[in-house]
Amino acid sequence: MSASAATQTPKRLNPFSSLLHPFDSFYAIKEEGKGSLLVSAFIVLVFFIATIFKRQSTGYTFNYADLSALNVWLIAAKTIVLYALWVAGNWAVATWMDGEGKAKQIAIVSAYASIPYVAAVIISTLLSRVLVQEEGMFLGYMTTIAMVWSAVLMYIGLLTIHDYGAVKTLQSVALTFAAMGIVIFLTVLFYTLFQQVYVFIYTIYNEMLFRL
């Protein structure tokens, strides 16, 4: 293959390869520009849909949700918005802590690392429709293992793309959660203040109309 043909070869990385070969896969994302934002967005979208699927379609034996009270926006906040907040928070922390990872790389690594958990959500939902109450513990084990697997992949991914040591990676994760908490707190505070101002203005408006 000629050099020109090689340079025209699209940079692709099978996201599932990161499940068993995380160091190689995440290194390729950092150094070779592999990985896809489009695939990452698709994974996050599947996570969003899978969360709705779990809420609405979990077997009645294990489902304690009010199926008629579905709030798609709340689920979107718990999945898509939370993912975006994680990426933005980690990018901000990495900028402060001299991390080498770019926002695109953080987004790709975070999405790829979530694959085990997303898969567990889908599989556990399907199994919940055929398992009996006594077998429900297996669903919990599956979800726990998947969460740990995803957490390990996330840790390896951040360690690799930021070129951190083990302790510094843990520090960056802790600071990312802190940054997310601050943003969520300020958002809730702003929303509460906005509601109070709105009610105050609306009350004055109604009072003026009544007096006129």
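Scanning the stretch 18-35 for residues that are in contact with a Phe, Trp or Tyr (Cβ under 9 Å, 6 or more places away or on another chain) and either modelled with pLDDT of 90 or more or not in a loop (DSSP other than H, G, I, E, B) (or both) returns 18, 19, 22, 25, 26, 29. Out of 169, 176, one residue alone is hydroxyl-bearing (Ser, Thr, Tyr) and in contact with a His (Cβ under 9 Å, 6 or more places away or on another chain). It is 169. Residues of the stretch 18-54 that are within 16 Å of residue 160 (Cα to Cα) and surrounded by 14 or more Cβ atoms within 10 Å (Cβ to Cβ): 18, 19, 22, 25, 26, 27, 28, 29, 30, 34, 35. Of the helices (runs of 4 or more DSSP H) lying entirely inside the stretch 77-176, the ones with 1 or more residues being open to solvent by 20 Å² or more (accessible area, probe 1.4 Å) and more than 23 Å from residue 36 (Cα to Cα) are found at 82-96, 115-127, 137-162. The residue pairs whose first member lies in the stretch 34-46 and is without any contact (Cβ under 8 Å) to a residue 24 or more places away in the chain and within 13 Å of residue 14 (Cα to Cα), whose second member is open to solvent by 40 Å² or more (accessible area, probe 1.4 Å) and not in a helix (DSSP H, G or I), and whose beta carbons are closer than 6 Å, counting only pairs six or more residues apart or on different chains, are 34/11.
Scanning the stretch 104-155 for residues that are modelled with pLDDT of 90 or more and either in contact with a strand residue (DSSP E or B) (Cβ under 7 Å, 6 or more places away or on another chain) or charged (D, E, K, R) (or both) turns up just one, 104. Considering the stretch 57-71, and only residues there that are assigned to a helix (DSSP H, G or I) and open to solvent by 60 Å² or more (accessible area, probe 1.4 Å), the residue that is nearest to residue 174 (Cα to Cα) turns out to be 67.
The values are calculated or read from the model by the stated rules, or taken from the named source; none is laboratory data. In this text, all values refer to a predicted model and were calculated from it rather than measured experimentally. Using ideal geometry, Cβ is built from the backbone for each residue, glycine included, and neighbour counts are taken over all protein chains shown. Side chains included, ligands, DNA and RNA excluded: accessible areas come from the protein's heavy atoms. Shrake-Rupley method; radii C 1.70, N 1.55, O 1.52, S 1.80 Å.
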